[in-house]
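Student: Sharing a structure, written as structure tokens. Questions coming.
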Amino acid sequence: MVFQGFSRVRTAATAQMLLTLGAGCGSELPEYSGPLCEKAASGDWSPAGMRAELDHVDYAKWIDDPELEAQLLTYGMDDQWEHLSGNDVNEDGIVVSPYGKTLNAYQLIVTTPDLEGWGDYIRQHTYPVHGSCGQMKPGVVAHTYSGRSGHRTDVFELFYDRNVVSRAGFLIHEVGHAAGLPCHVGEQDRSWDEGGAYRLQLEFLAAVYYAEGLSEAHREAARTEFTRIMRNKFVEASELTLQDFE
């Protein structure tokens, strides 16, 4: 795989506690018929605790660039997002709609120097990404389905409530499932060496951390997410740190 090959890989057979936040892959497409939640109807996706500075319009160039918006839409979003759009930016210039927050995550991947290869990976492997104002089950951020009834990635309400670095990481994670990386053991990858979707997500977060041109807030968000996943998302624990990717 393109993004493997980092040195000083060490693993230990220590079980980790599961977090409820998760993503995964399955074989059956769900039937989603839930009503629009009030957040989607108003475009008021709470920015208070989600590092609002990362979703400021300074980092959302697609808002004033229709060509960039059209380009970003080719990276995976299906045509079912109208009900999750509308008031994409609030009075403080913060991107708040589910549609806007998803495009913002794609923009981080596609337009950040040093991350271009990750955009290529998405274009090559993504399933159609479907936005839902609801949840599959408590704690699930996103889920990828592949089976006789079709292929699709769903992102759920918890996806929009995360900062842009975290959202971009989950998009990469789900593309990993679409590309055929192993499904999880429960809510975890088996090990770093097995090369699952959480490993791919961590490699992306490390790339964000060291990318040129991003703010210190982006770097801190990448570091926090990297640490959370590394500590909790492998059956066999790994001792890797961000410094191993420098």
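Read-outs: derived from the displayed coordinates by stated rules, not from any lab. Not measured: the values here are computed from a predicted model. Virtual Cβ from ideal backbone geometry, glycine too; neighbours counted across all protein chains shown.
Student: For a distance above 23 Å, tell me the whole-number percent of Cα pairs in region 87-219 that qualify. Don't skip to the answer; put the middle values down first.
Tutor: Details: 2892 of 8778 pairs.
The share of Cα pairs beyond 23 Å in region 87-219 comes to 33 percent.
Student: Give the long-range amide H neighbours of Gly26: residues separated by 5 or more places, or on another chain, with amide H under 5 Å away, using H modelled in the peptide plane at 1.01 Å from N.
Tutor: Distant-sequence amide H within range of Gly26: Thr144, Tyr145, Ser146.
Student: Excluding Asp78 itself, what net charge comes from residues whose Cβ is under 14 Å from its Cβ, given Lys and Arg +1 and Asp and Glu -1?
Tutor: On the way: positive: Arg152; negative: Asp79, Glu82, Asp154, Glu174.
Computed value for this residue: -3.
Student: Compute log10 of I(q)/I(0) for region 96-159 with the Debye formula, placing one identical point scatterer on every Cα and leaving out solvent, at q = 0.15, 0.18, 0.23 Å⁻¹, to two decimals.
Tutor: So the normalised log intensities are -0.55, -0.76, -1.07.
Student: Show me the trypsin sites (Lys or Arg not before Pro) within region 82-170 that DSSP assigns to loop and that have at most 15 other Cβ atoms within 10 Å of their Cβ. Spell out each step's value before the answer.
Tutor: Working: sites: Lys101, Arg123, Arg148, Arg152, Arg162, Arg167; in loops: Arg148, Arg162.
Answer by residue number: Arg148.
Student: May I pose another question? Using amide H atoms built 1.01 Å from N in the peptide plane, name the residues 5+ places from Val185, or on other chains, whose amide H lies under 5 Å from its own.
Tutor: Under 5 Å from the amide H of Val185 lie the amide H atoms of Arg190, each far enough along the sequence or on another chain.
Student: A further question on this structure: Quote the relative contact order of region 94-246 in percent (integer), defining contacts as alpha-carbon pairs under 8 Å separated by 6+ residues. If you can, show how the numbers build up before the last one.
Tutor: Values: 217 pairs, mean separation 32.3, N = 153.
Here the relative contact order equals 21 percent.
Student: Can you pull the Kirkwood radius for region 160-228, inverse mean 1/r over Cα pairs, to one decimal in Å? Each step should come with its number before you reach the end.
Tutor: Values: mean 1/r = 0.0807 Å⁻¹.
One decimal place: 12.4 Å for the Kirkwood radius.
Student: Once the Cα gyration tensor of region 48-165 is diagonalised, what are the square roots of 5 times its eigenvalues, in whole Å and ordered largest first, as equivalent ellipsoid semi-axes? Mind showing how you got there, number by number?
Tutor: Details: eigenvalues 97, 66, 35 Å².
Semi-axes (√(5λ), whole Å): 22, 18, 13.
Student: Sorted by average packing, counted as other Cβ atoms within 10 angstrom per residue and highest first, what order do 52-65, 224-237 take? List each step's numbers first, then the result.
Tutor: Numbers: 52-65: 17.7, 224-237: 19.2.
So the peptides 52-65, 224-237, ranked by packing, come out 224-237, 52-65.
Student: What list of ³J(HN,Hα) values in whole Hz, one per residue of region 232-246 in order, does the Karplus curve 6.51 cos²θ - 1.76 cosθ + 1.60 (θ = phi - 60°) give from phi, with Gly and Pro shown as x?
Tutor: These are the phi-based 3J(HN,Hα) values: 10, 10, 10, 4, 9, 5, 10, 9, 4, 10, 4, 5, 5, 9, 5 Hz.
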